[in-house]
Each structure stands twice: as C-alpha cells, then as structure tokens.
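Reading through the structure tokens given below for one structure.
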Amino acid sequence: MMRALPPAARYSIAVLLAVVAQLARIPLHSPTVIPFITYAPFVLLSAYLGGWGPGVLTTILCSIESLYFAVAPVLTFRVDDTANWVGMGSLVLTGVVASGLFERLRRVQQAAAKAERERSEMGCELEARRGVLESIIEHSPVSIALLRGRDFRFEMVNPAYQSLAPGEPMTGRTVAEVWPEAKAIILPLLEEVRDRRAVHHAAGLAIPRHKGRGMPVEERYFDMSYVRLPYAGPSDAEDGQLLAVVKEVTEEHLAQETVRGTLRELEAAVAEKTVLLKEVHHRVKNNLAVIASLLNMKAGAMEGDEAREALEDSQRRVRSIALIHEHLSGTEHLDRIDFAEYAGQLLQELGSVYDDAEGRIRIRLEAERIEMGIHRAIPCALILNELVTNALKHAFPDGRAGEVVVGLRLATADELELWVEDNGIGCPQIAPARSGKSLGLRIVEILTRQLGGSLEHADCAGSRFVLRFGAGTSIQIGLEST
C-alpha cells in the first residue's frame, strides 16, 4: 500500500495521479460542462492511498489543471463564470476533507495494528511465562497443590505433591476424601485462610497420614504454607482458590529428635562426670588436709628446730596443693582456676603464719585475673609458696618492717610472667640452689623446668624473682589487686 512507502515515493505517486487525471481528459472536449468532475476520482484515490500530504498535493495540482485546461477560456487561468469558482472550491474542499478523513483513518488503522501487535506480543510473553511457571511447578521438589471451592477440592497437584501418597487419586477430590485421617487438623487451617484471607505458615506440623492406599496411617511432619489467591471473577468471590505449598520434613524431624536425645544423654553424662570430678577434688583436698595435719602434729612433737621447721615447710607445701583442689571443687570449670583469686587466699594464709600481730610485713597482690589449667596451676602454686615463704622468713630479720609484692600478668600472647619482690635485706644469687644449700630454691628450679620456663633473680632494693613460662590454654579475665 502507498501509505507504507517512504514520503518521497508517496509524493511522487501523488504527482503521477495528477498527471494521469489530466491525461484522462484528452478524449474530452475542452472546456466541458462540468470541468472539475473528472479530477475528483484521482483526488480521492490519492487521499485514500497517501493520506493527508499526498492527497492535498494532488488536489492542488488537479485544481490548477482544471483552471488551465478545463475552464473557458482554456489555456489561461482567467475565470469568467462564478459557477466555475464554486466548482473549483468544491473540488478543493472534497480533496482536503477526504485527505483529512483518510489520514485520520490511516492513523486509527496504524494504532489498531500497533495495539494488535502489542496484544500478540503480550499474549506470547504471557504464554511463555505460563509455560515457565508450569515447568517450575511441575519439576519443583516442593509439593504444590491448588484447591478450589468451599469443600477444598484439588484442582491441580504437581508430581511432588502426588508423591506424598503414590497411587492415591487427588485431582477432583476434596482434602477430606484424600486425607480423611488428617482433616481434623488441616480443614480448620484452610477455613481460617479462606475466611480471613490470611496466610498461614506451619513448621514441623505433625499430621497423621498414610503413604498410599492400603498403607497404615503414621504420624508425619510437614512445613506447610496456605495462601488465598485473588479470585478470577464474581463466581469465585465467595469460595476462591487456595495455594498449598508443602514440604515433608519427617526424616529431618526424626534426625533432630535423635540428636536431641543424644544431647540429653551427653548432658546427663557430663553432669554425672562433673559431680564425680568435684567429689574427687573434694576428697583429694580432704586427704591432703589430713596429711598436712599429720605433718603439723609431727612437727609439734619434734624437739629439734631444724627438723620441726622442715616438717612445717612440708605441711605448708601440701596445704598449697590442697588449696588448689579446694578451688577446683567449688567452680564450674574443673580443669582450671582463677589463679589470682587462689594467690590472694594463699598469701593471706602465709601472712597469718609468718607475720606478727603488729602487721609489720605488708603483702600486696598485683595480678591479672587469669584462668590457669591445673597442670600449670600446681607447679606455679608451689613456686609461689616457696618464694613468698623465703621472703617472709629471711628478708625482714630482727623485727624489720617491709613489703612483699606478688604479680602475675600475661606478658605476651604466649607467655605468662609471675614475680615475687620484697624490699628487705636481699639475698644472694640463685647459685646456692644448685649446691644443695637451699631446698626451697631447688624445688623452685625443678618446677620451673617442669613448666618449661625460666627463673630470673633481678637486682632491686631487696630481692626480686621473675618466673616466665608458656601460657598454654590460660585465659585472661580481669585484674586483681589487693
């Protein structure tokens, strides 16, 4: 069609139609009685085929041709008869009106064709989306069903939903017919979703169901979602459609129950073991306390000062170990203690033994609160007992007053530092420990090797011993200062 051609071609055809209109008059005698009527069909044809522009162009050309060739006097543009002006005006009016109407018709046709194309494309897109949606539903591992009507009749089920009861027909039947043993649980949920237009989600819902015809009813567990869909028309307004999305989680539920049962058994075993370990620590503490009492009684019966002092030192060493087991039996953690808290109690006991009533020796604790495992805590406790006892016994002779400072800190991420410092008269370097002259320092040296650490006797106003050893699993929990 001409209106589908490019503008230059359309206007060229409009000019050609004007030429053909003039050629069609050749058999006629000029001028004619009705000079304009032979041009009208070509004007209308041009307006129909080309629309507004070409139609107006043909109208103008035909009007000029009629004035020059068909109106007396011919071959001039002079018009002597008023009727000819009326005729020419009619021709022009016919061409303009026809061109406008056909242009309007052309645009309406174009709009209709565009709308039809869009509808066709939209229909194809909707059909493609519908196909994708149907494929998703068909191959979804989640069970999906569409219910309709007040009796909740299955309109569509996907293979995953059908697999919940193989061999049991579902489409066209109601929920009560397919799952009669579960209707007391499911139907109230469906009615609530339908009446309240709500969405219902249930996780791990226990429902008695069979797995097919002739199969026994057993309790099964499901994650379920029910959604009311928008109704398609007035007939669906009352009943509507419900979408059911279901996933069976029976195996997962049973596995979780097994895990929970195992956890309960483990918790019971741990609780029993905790009680037993606390009892063990308590009994060890009591046994060590008995040994300390026996040593104390033996020391009281000794006549020689050196033997009595040796027994008393042994009694205090046993007491320092018993104190660790006392802390362990009174805490939740049976494998480690707050060493700063333990050190505070040990220093208090040692101070009450060696200091007089005037309180001339002050013992100060500057320790970070560090939870230390029992394998490190016992050697550290014995070392601390020896170093503090040594300071209290020898650093302040003849009633001299002074201070003993005990510190514990996490020096680095992997190293602990324990020190004992006094401002007394001082003591010789640690060499005598190797010559066998000091049992206490020999014990300290042996325990230091057991910890894999190092012991340093630093210079100060009095005496300062610094023990460094690996932190292991020790945990810093705060600061203790007394």
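Here the 3J(HN,Hα) profile of region 440-451, calculated from phi with Karplus coefficients 6.51, -1.76 and 1.60 at θ = phi - 60°, is x, 6, 5, 4, 4, 5, 5, 5, 5, 5, 4, 7 Hz, Gly and Pro shown as x.
Restriction of the chymotrypsin sites (Phe, Trp or Tyr not before Pro) in region 39-91 to DSSP coil positions whose beta-carbon has at most 13 other beta-carbons within 10 angstrom yields Phe77.
Report the percentage of all Cα-Cα pairs in region 140-248 whose separation exceeds 20 Å, rounded to a whole percent.
34
Seen against the Cα atoms of the chain and their longest principal axis, helix 339-354 is set at about 20 degrees.
Each Lys and Arg contributes +1 and each Asp and Glu -1, all at the Cβ; summed about the Cα centre of the chain, the dipole is approximately 2360 debye.
Taking Rh as the Kirkwood radius computed over C-alpha pairs, what is the Stokes-Einstein D of region 2-118 at 10 °C in a medium of viscosity 1.306 mPa s, expressed in µm² per second?
So the translational diffusion coefficient is about 108 µm²/s.
Its Cα gyration tensor gives the chain an equivalent ellipsoid. The semi-axes, each the square root of 5 times an eigenvalue, are 114, 42, 16 Å from largest down. Treating r as the C-beta distance of Val290 and Ala411 and R0 as 51 Å, the FRET efficiency rounds to 0.85. With point charges of +1 on the Cβ of Lys and Arg and -1 on the Cβ of Asp and Glu, referenced to the Cα centre of region 61-201, which listed residue (Leu61, Val142, Cys124) lies farthest in the positive direction of the dipole? Towards the positive end, the residue furthest out is Leu61. Each of Leu189, Thr174, Asn84 was placed along the dipole of the chain (beta-carbon charges, centred on the mean Cα), and the one lying farthest toward the positive end is Asn84. Selection among Ala471, Leu229, Leu205 by position relative to the dipole of the chain gives Leu229 as farthest towards the positive end (Cβ unit charges, Cα centre).
Listed from fewest to most Cβ neighbours within 10 Å, the set Arg316, Arg119, Arg364 follows the order Arg119, Arg364, Arg316.
Peptides 196-208, 399-411 ranked from most to least packed by the mean count of surrounding Cβ atoms within 10 Å: 399-411, 196-208.
Where a number appears in this text, it was derived from the coordinates with a stated rule and is not lab data. The structure presented is a predicted model; accordingly, all values stated were derived computationally and were not measured. Here the Cβ is made from the backbone with ideal geometry for all residues, glycine too, and neighbour counts use every protein chain on show.
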